[in-house]
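Colleague: Here it is, the structure, as structure tokens.
Just so it is clear, none of the values below were taken in a lab; they were calculated from the coordinates. Everything numeric here is computed off the predicted structure, so don't read it as measured data. For neighbour counting, all protein chains shown are included, and Cβ atoms are generated from backbone atoms with ideal geometry for every residue, glycine included.
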Amino acid sequence: MSSVNMSHAPKGLEGIVATTSKICFIDGDRGVLAYRGIDIHELADHSTFEETCYLLWFGKLPTQSELRQLHEQLAAERILDPGIITLLRNAPRQALPMDVLRTAVSALSFYDPEDKKNDHDANVHKAIRLTSQIAMIVAAYDRIRKGKPVVEPDRSLSHAANFLLQLNATRPSSTAERALDIALILHADHELNASTFAARVTAATLSDMHSAITSAIGALKGPLHGGANEAVFRILESIDGNGSDPVEYVKGMLAQKKKIPGFGHRVYHTEDPRATHLRVMSRDLGQSNGQPQWYEMSRRIEEFVKAEKKLNANVDFYSASTYHTLGIDVDLFTPVFAVSRISGWAAHVIEQLDDNRLIRPRADYLGPEYPARYVPIEQR
Ligand SMILES: CC(C)(COP(=O)(O)OP(=O)(O)OC[C@H]1O[C@@H](n2cnc3c(N)ncnc32)[C@H](O)[C@@H]1OP(=O)(O)O)[C@@H](O)C(=O)NCCC(=O)NCCS
């Protein structure tokens with residue numbers, strides 16, 4: 001017997017609960033985001049990206065020795081096969097980092113020692129490996145495309161510090177390291193967002209971790225999802241370059257019925273709790289780096305959009321100016337989102353496979369009535 005519910009599906013599956021999960025809690029009305037029950041504000045204030053990874057993958061906060069072990073494992077996995085470096089070197093000059101990352105992550109499976117294994121332990125190992133490798137790929141490709149040498153990893157550094165070292169060839173200040181670390185914590189997971197759903201759908205066919213993460217990266221790229229942070233900074237750059245008034249610029253966009261990147265959210269009806277931290281980081285980093293204009297422009301846009309459209313800034317709005325003041329190029333913003341979100345994607349893939357069932361919903365058919373006749377081509 002068919003179990004099809006014939007009521008019309010809400011567009012974009014709004015409000016549909018599509019799975020159970022023990023990873024991420026969101027209360028969109030109260031602006032609450034928590035990983036494994038722990039509020040994101042507490043994690044941003046006290047945790048590290050590595051500890052957050054442990055929390056997401058193992059379901060609890062680590063002891064000191066468990067955390068030390070994860071640090072060691074992540075550091076030990078700071079290796080890219082020469083085949084991946086060749087792939088990065090062979091990418092066309094104009095290839096965008098997000099596209100290169102998607103292709104390189106797919107290729108990582110060729111070199112993964114457990115590529116044929118899909119059990120829980122193998123997937124935890126792959127989560128650790130991919131977390132280290134994705135950061136290295138983003139940094140290495142940026143160096144290669146600029147004609148600069150790839151920087152060797154430093155296994156004594158934190159994930160955030162090593163990423164900045166491999167990107168810029170200089171050890172970051174403790175302020176920059178902590179700022180990126182907090183940004184990585186804030187972006188680590190977000191329940192059943194589009195890229196995580198894509199990862200879970202792929203994993204649920206009993207495909208493999210690399211395929212699931214490749215699907216997720218493809219979904220993250222779009223400007224309605226992770227690509228919004230790049231779009232935000234392009235607007236700030238344009239305002240800065242033309243000497244425009246930020247409010248007038250955004251008014252012009254709304255007059256053309258354009259959406260303002262970095263605003264609005266499907267789930268939050270109040271402030272996105274991640275934006276609360278990123279706003280402060282954007283202000284503080286801008287001040288300390290002598291580039292306060294990005295925050296100031298952002299703040300004016302935020303006040304106007306909030307008053308005019310009742311829309312709140314989301315995670316992507318202030319991450320744009322934050323990343324810029326950390327010296328990260330605009331087309332790396334979305335790849336940097338992936339540097340963090342790999343932790344959440346992997347947690348969801350592991351959870352999906354620990355209690356799997358194929359994800360195969362139905363479509364509400366609105367096409368020509370059945371049976372429509374097949375008309376031979378000469379009679380059409
Ligand atoms: C996040 C987002 C995709 C959520 O989309 P959604 O839940 O499908 O909401 P909708 O696109 O249906 O928007 C609902 C209404 O708010 C308006 N709206 C939503 N976000 C807007 C934005 N950023 N700028 C201007 N108007 C916006 C829509 O135009 C729509 O208005 P209407 O009802 O008059 O047509 C959407 O807010 C958006 O496109 N934001 C910009 C991209 C972005 O920042 N993405 C990152 C999300 S973390």
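Colleague: Radius of gyration and Dmax for the range 70-154's Cα atoms, expressed in Å?
Modeller: 13.1, 40
Colleague: Something else now. Pick from A228, A199, A34: which residue has the top mean-square fluctuation in a GNM of the chain where Cα pairs under 10 Å get a spring?
Modeller: The residue that fluctuates most here is A34.
Colleague: If the viscosity is 1.567 mPa s and the temperature 4 °C, what translational diffusion coefficient in µm²/s does Stokes-Einstein give for the range 110-162 when Rh comes from Kirkwood over Cα pairs? Each step should come with its number before you reach the end.
Modeller: Details: Rh = 12.7 Å.
Here the translational diffusion coefficient equals 102 µm²/s.
Colleague: Under 8 Å for C-alpha pairs, at least 6 residues apart: give me the relative contact order for the chain, rounded to a whole percent. If you can, show how the numbers build up before the last one.
Modeller: Numbers: 508 pairs, mean separation 88.2, N = 380.
Relative contact order, the chain: 23 percent.
Colleague: Using just the helices of the chain, give the 222 nm mean residue ellipticity in deg cm²/dmol: DSSP H runs with n ≥ 4 each add -39,500 (n - 2.57), and the total is spread over all residues, rounded to 500.
Modeller: On the way: 16 runs with 215 residues, N = 380.
Value at 222 nm, helices only, nearest 500: -18000 deg cm²/dmol.
Colleague: Given the C-alpha atoms of the range 13-132, compute the convex hull and give its volume per residue in Å³.
Modeller: Numbers: hull volume 20.9 nm³, N = 120.
Convex hull volume per residue, Cα atoms: 175 Å³.
Colleague: Please give, to one decimal in nm, the separation of the simple spin-label points placed at R373 and Q256, each 7 Å out from Cα toward the Cβ.
Modeller: Simple spin-label model gives 5.0 nm for this pair.
Colleague: Which cross-chain or sequence-distant (5 or more) residues have an amide H under 5 Å from the amide H of V32, H modelled 1.01 Å from N in plane?
Modeller: Close amide H contacts, sequence-distant or interchain: D27.
Colleague: Further question: Can you give the Rg to Rh ratio of the range 197-314, both from alpha-carbon atoms, with Rh computed by the Kirkwood formula?
Modeller: Working: Rg = 17.0 Å, Rh = 16.0 Å.
A ratio of 1.06.
Colleague: GNM on the chain, C-alpha springs below 10 Å: top fluctuator among S132, S340, S207?
Modeller: S207
Colleague: Simple spin-label model, 7 Å along Cα-to-Cβ: T86 to E66 in nm?
Modeller: For the pair T86/E66, the computed spacing is 4.1 nm.
Colleague: Also, I was wondering about something else. At q = 0.16, 0.22, 0.28 Å⁻¹, work out log10 I(q)/I(0) for the range 272-339 with the Debye formula, treating every Cα as an identical point scatterer and leaving solvent out; two decimals please.
Modeller: -0.52, -0.92, -1.25
Colleague: Hey, in the GNM for the chain with a 10 angstrom Cα cutoff, which one of K258, K306, K221 fluctuates hardest?
Modeller: Evaluated over the chain, the most mobile residue of the options is K258.
Colleague: Report, in debye and to the nearest 20, how large the dipole of the chain comes out about its Cα centre when Lys and Arg carry +1 and Asp and Glu carry -1 on their Cβ.
Modeller: Dipole of the chain, to the nearest 20 debye: 920 debye.
Colleague: Largest first and to the nearest Å, give the Cα extent of the range 244-380 along each principal axis.
Modeller: That gives 71, 46, 30 Å along the principal axes, largest extent first.
Colleague: log10 I(q)/I(0), Debye, Cα-only the range 44-92, no solvent, q = 0.16, 0.20 Å⁻¹?
Modeller: Debye output, listed in q order: -0.59, -0.70.
Colleague: How large is the charge dipole for the range 65-107, taken about the Cα centre, if only the Cβ atoms of Lys, Arg (+1) and Asp, Glu (-1) carry charge, to the nearest 20 debye?
Modeller: Values: 5 positive and 5 negative charges, 50 e Å.
That gives a dipole near 240 debye.
Colleague: To continue, here is another question. Report the Stokes-Einstein translational diffusion coefficient (µm² s⁻¹, integer) for the range 138-262, Rh taken as the Kirkwood radius over Cα pairs, at 10 °C with viscosity 1.306 mPa s.
Modeller: On the way: Rh = 17.6 Å.
Translational diffusion coefficient: 90 µm²/s.
Colleague: What is the percent of Cα-Cα separations in the chain that go past 26 Å? Before the final figure, lay out the partial values.
Modeller: Numbers: 38555 of 72010 pairs.
Percentage above 26 Å: 54.
Colleague: Another question, if that's okay. What percent of all Cα-Cα pairs in the range 128-210 falls in each 5 Å bin, counting up from 0?
Modeller: Bins of 5 Å from zero give 3, 14, 18, 20, 17, 13, 11, 5, 1 percent of pairs.
Colleague: Quick one: 3J(HN,Hα) in Hz for the range 246-256, Karplus 6.51/-1.76/1.60 with θ = phi - 60°, rounded, Gly and Pro as x.
Modeller: Whole-Hz 3J(HN,Hα) from phi for the range 246-256: x, 5, 4, 4, 5, 4, x, 5, 5, 4, 8.
Colleague: How long is the gain from I79 to R93 if the chain were fully straight, where each residue apart is worth 0.36 nm and the alpha carbon distance is subtracted?
Modeller: Numbers: separation 14, 0.36 × 14 = 5.04 nm, distance 2.39 nm.
Result: 2.7 nm gained on full extension.
Colleague: Let me ask something else about it. Going down the table (K251/K310; K60/K117; K146/K259; K221/K259; K257/K309; K257/K306), which pairs top 21 Å between alpha carbons?
Modeller: Details: K251/K310 14 Å; K60/K117 25 Å; K146/K259 33 Å; K221/K259 17 Å; K257/K309 12 Å; K257/K306 16 Å.
Beyond 21 Å: K60/K117; K146/K259.
Colleague: Run the quick spin-label model on D240 and A169: label points 7 Å from Cα toward the beta carbon, then report their separation in nm to one decimal.
Modeller: 2.3 nm
Colleague: Then there is this: Using a Förster radius of 56 Å, what is the FRET efficiency between S288 and D121 based on their Cβ-Cβ separation? Nearest 0.05, please.
Modeller: Working: r = 43 Å, r/R0 = 0.78.
According to the calculation, E is roughly 0.80.
Colleague: Using only alpha carbon pairs under 8 Å that are at least six residues apart, calculate the relative contact order of the range 184-245 and give it in whole percent. Write out the running numbers ahead of the final one.
Modeller: Numbers: 38 pairs, mean separation 14.8, N = 62.
Value for the range 184-245: 24 percent.
Colleague: Return the loop-located chymotrypsin sites (Phe, Trp or Tyr not before Pro) in the range 315-380 (DSSP other than H, G, I, E, B) with at most 13 other Cβ atoms within 10 Å of their own Cβ; answer none if there are none.
Modeller: Y365, Y374
Colleague: Can you list which of the GluC sites (Glu not before Pro) found in the range 272-380 are DSSP loop residues with at most 15 other C-beta atoms within 10 Å?
Modeller: Numbers: sites: E296, E302, E303, E308, E351, E369, E378; in loops: E369.
Sites meeting the loop and neighbour criteria: E369.
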